[in-house]
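The values are calculated or read from the model by the stated rules, or taken from the named source; none is laboratory data. Being a predicted model, the structure only gives us computed values, none of them experimental. All Cβ positions, even for glycine, are placed from backbone atoms using ideal geometry, and neighbour counts span all protein chains on display.
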Amino acid sequence: MIPSTIRRGASAAVVALALAGAARAAAQQTLTTPEQQFGHQIGADYVLPNYQQLVEYWRKLDGQSDRMRVMSIGRTAEGREQVMAIVSSPQNLRDAERYRDISRTLAMGRVDSTTAARLAADGKAIVWIDGGLHASEVLGAQQLMETVWQLISRDDAETRRILDDVIILAVHANPDGMELVSNWYTRNPNPQQRTMAGIPRLYQKYIGHDNNRDFYASTQPETENMNRVMYHEWLPQIVYNHHQTGPTGTVMFAPPFRDPFNFNYDPLIVSGIDMVGAAMQNRFLAEDKPGVTQRKGSNYSTWWNGGLRTTAYFHNMIGLLTETIGNPTPMDVAFVPARQIPSGDLPSPVAPQQWHFRRSIDYSITANYAVLDYASRYRQTLLTNMWRMARNSVQRGQRDEWTVMPRHVDSVRAAIAAERGAAPGEANAVMVSGGQFAGAANPVESARYQALLHRPEWRDARGYVIPSDQADFATAGKFIDALRENGVEVQRATAPFTVAGKRYAAGSYVVMAAQPFRPHVMDMFEPQDHPNDFLYQGGPPIPPYDNAGWTLAYQMGVKFDRVLEGFSGPFQPVTEWNVPRPAGRVASGSGGWILTARQNDAFTAVNRLLASGQEVWRVRQAARGAQAGDFWVSGSVPRAQVQALADSLGLTVGTGARPSGATRLRPLRIALWDRYGGSMPSGWTRWIFEQFGFPYQQVFQQELDAGNLNPKYDVIVFVDGAIPERDPRGGTNAFMPDPATLPAELRTQVGNVTIERTVPKIREFLENGGTVLTIGSSTALARHLGLPVEDAMVEAGQNGEQRHLPREKFFIPGSLLQVRVDNTAPVAWGMETQADVMFDDSPVFRLGADAASRGVRRVAWYDSATPLRSGWAWGQQYLQNGAAVVSADVGRGTLYLFGPEIAFRAQPHGTFKLLFNGLYESVSKPAVQ
């Protein structure tokens, strides 16, 4: 159900647009051409209109044309208005609310087939076309302007038919980025010297390129705006996401995509993508536009959730991606000999040549028109299929259903091999091409083998219960927020209830599988099982497009139960966009207030209290009413203030006297490493710090190299990519412009961390009592400091030398693994003894024999030969006993090594405590005598 406040606001906007359109529907006024507006055609060499100019032009056209309406869909991270142009025939725009309601009704899949057929016949196809998401890929926003212009100005039969049959949502995906990049490119008065190089910061305030990795977590305002339009308001049948750049030696990559595809979504998505992709390719060939590759012409697949076009798959929408060359500065199509041979993946090669930006605009228009023509011709089919997929999802959630995964097939193969006396390694030989069982004597035996795949315990869940009595229920509420913003139906228990013999408290959340976006529900709760994908048998693995595993419930540490039978209870739909946090519980008593470290937002409360001058202590040994790691707050803080804080954050607060041995905290002085041009891991960490109230300062290489850091900072955080692994001269190979070419205020940001100059200053900071947190590749600092910490993922080479395990033996792209945690270590206080961590080709450590004597300790480690929880882990047995988290004494200071990505894209709330504890240990650990 769409929240009533959203429905009312969106409906009012559409009605207002329709009324405005009716006043000028008699005829179009003379339209202002791009040349008249900008002084050049869109896509001309060496020019690049910015976002403000785009909005001004669109609003002018809105006043001149009865084919388009411009509306705001929300504010950006920097406070700009994010606009969407709705383009269609004047009549469709007048009836926009009706067509939007038809699309939404069909997308829910809960009307009967007769009603669905009538609505599909009456409705209009809704097609989303965006641009500018990755702002340095400047073609996206420019083609969006040209597309809108052509749709409202052309009067050919095809355009009129498209406008009659289709409502186009032209969405600018990143206004802040376009303003930054366009202004940076055009800052040089000499057009021939203009360049994209050296953009000073991320082109989204916090996350830059990762704004296309945020759509299931929905953390950023632009993502929220677009998710609301896609999954609550308009429910488009096609989502087309424009990107750059095309594979070398081609002009563009376009669908279809390579395998594997995700097992959770409806197979109609796969065939739908192929059909639209074929229409695109046919149009390119018909218009003599060569150089468009597909399928294995690049690495793009449909496995991963989380991108703008990929999250759409889990909502029964056809998601499209193109990657196209082009830049306002003319470029060349590279000569790649292999790309000159026609194939099914590249039917028409393109000759090497000079390439101008306008040609990329023309290719984009061809692609857009191919999609819109398809949507017009197959309007009714698209609407009907969206209803059919939603209905399939609802029905599958109401019955016993099995999603066959590779691990299930492997298990069945092993069982058959065992029956026939085959060796375990010969299990695959039992199967022949096409999936039939070799030597299957009759249908009875085949049916028995099939039954092995339908074991009762392998059934898909009918629903999921998130108990309200879990330790950090407030974080579970943030998980529910992410589901709700993606249109998932969630219910809340109004009274205690029992399911499958287990009693649950009121306030628990329930997510039923029988709902239209069931694929997204399954993908957020269930582990991904990426198939083994190799270039050839025994060869190197083919890396996935993005992560192989990401189960959000696991990442966030949410406790839930899978329910395999149908159930009901005293449940009411959750209608809020962001669910209220659970009511705070403040115990009666005296002496002071105790905040449990098991709740992430206890750190938020501490940060707020310290910022307001209140007295807070860290409990270091378990005492009556408190555990090690809890926070004790002075009883001078009034109960009303504590209750308000607890209610705002959903905290449980105890009472008691200050435990013996507790250490008093002071406000943190955090230095967060960053670089010129911006670091995405650092940007995500900035966002996390701001969400949880941690004060911080960005620190760049020049300040680090200057030394004398202890008087300014308690702790320095080096995210992945900050500290070089081997090069004693260079840094992390990030591009650094000549400071003389930059404005004065940017020059102090230029430079890379080096082993030669920066590491000695970090050592000095540590030895003088500072704390350093390193994540991912930056854990190489331990080696530079000469600590007894080695790479655990090595083997002996032919000459006896140690080498990293080759990918043929060990390969784990972004996946979730389980680690054992020593939660008595201060950096792990508040955690359980097991945790799911995001492993992304992450470092794994082996401690030297003298580690303990030198104050080097493991905090978390892989205690199993099968730690994979979600994703793909080839050779995971090599991880066993390898350390994931290590703490080390360096002089009077402490170094923390976090191999896994504990803050990855702000998703793994379950490992945030490692980061937060590490920060607070810098100001709470007992003084060293």
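Structure summary
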item: Set ASN316, ASN305, ASN299: member being surrounded by fewer than 17 Cβ atoms within 10 Å (Cβ to Cβ), farther than 27 Å from ILE42 by Cβ and touching a residue at least 60 places away in the same chain (Cβ under 8 Å); result: ASN299
item: Filter result for GLY39 (surrounded by fewer than 17 Cβ atoms within 10 Å (Cβ to Cβ), modelled with pLDDT of 95 or more, on the phi > 0 side of the Ramachandran plot and outside the structural domain of PRO189 (by TED's automatic domain parsing)); result: yes
item: Residue ID - surrounded by the fewest Cβ atoms within 10 Å (Cβ to Cβ), chosen from residues in segment 529-562 that are over 23 Å from ASN212 (Cβ atoms) and acidic (Asp, Glu); result: ASP561
item: Residue list for segment 579-625, filter: over 15 Å from ARG639 (Cα atoms), among the aliphatic types (A, V, I, L, M) and in a helix (DSSP H, G or I); result: ALA602, VAL606, LEU610, ALA611
item: Sole residue being surrounded by fewer than 24 Cβ atoms within 10 Å (Cβ to Cβ), within 30 Å of PRO867 (Cβ to Cβ) and either of a type in the set (Lys, Arg) or in contact with a helix residue (DSSP H, G or I) (Cβ under 9 Å, 6 or more places away or on another chain) (or both), chosen from GLU526, GLU485; result: GLU526
item: Residue match in segment 257-271 (condition: touching a residue at least 60 places away in the same chain (Cβ under 8 Å), of a type in the set (Ser, Thr, Tyr) and in contact with a strand residue (DSSP E or B) (Cβ under 9 Å, 6 or more places away or on another chain)); result: yes
item: Count of segment 466-503 residues which are under 21 Å from ASN600 (Cα atoms), in contact (Cβ under 8 Å) with a residue 40 or more places away in the chain and more than 23 Å from the chain's Cα centre (by Cα); result: 4
item: Those residues of segment 98-118 which are surrounded by fewer than 16 Cβ atoms within 10 Å (Cβ to Cβ) and closer than 27 Å to ASP155 by Cβ, in sequence order; result: ARG98
item: Selected residue (criterion: farthest from MET512 (Cα to Cα)) from residues of segment 357-409 that are outside any helix (DSSP H, G or I) and touching a Leu at 6+ places or on another chain (Cβ under 9 Å); result: VAL404
item: Residues (under 20 Å from GLY557 (Cβ atoms) and either out of contact with any Phe, Trp or Tyr (no Cβ under 6 Å at 6 or more places or on another chain) or surrounded by 24 or more Cβ atoms within 10 Å (Cβ to Cβ) (or both)) located in segment 586-602; result: LEU595, THR596, ALA597, ARG598, GLN599, ASP601, ALA602
item: Selected residue (criterion: nearest to ASP362 (Cα to Cα)) from residues of segment 89-104 that are assigned to a helix (DSSP H, G or I) and touching a helix residue (DSSP H, G or I) at 6+ places or on another chain (Cβ under 6 Å); result: LEU93
item: Scope segment 121-133; condition crowded, with 21+ Cβ neighbours inside 10 Å and either of a type in the set (A, V, I, L, M, F, W, C) or not in a strand (DSSP E or B) (or both); matching residues; result: GLY123, LYS124, ALA125, ILE126, VAL127, TRP128, ILE129, GLY132, LEU133
item: Residues (part of a loop (DSSP other than H, G, I, E, B) and under 26 Å from the mean Cα position of the chain (by Cα)) located in segment 157-196; result: ALA173, ASN174, MET196
item: Matching residues, segment 846-880, being touching a residue at least 24 places away in the same chain (Cβ under 8 Å) and over 27 Å from GLU526 (Cβ atoms); result: ARG846, LEU847, GLY848, ALA849, ASP850, ALA851, ARG854, GLY855, VAL856, ARG857, ARG858, VAL859
item: MET275 touching a Phe, Trp or Tyr at 6+ places or on another chain (Cβ under 9 Å), surrounded by fewer than 19 Cβ atoms within 10 Å (Cβ to Cβ) and of a type in the set (A, V, I, L, M); result: yes
item: Members of segment 388-416 found to be of a type in the set (Gly, Ala, Ser) and modelled with pLDDT under 95, listed by number; result: SER411, ALA414, ALA415
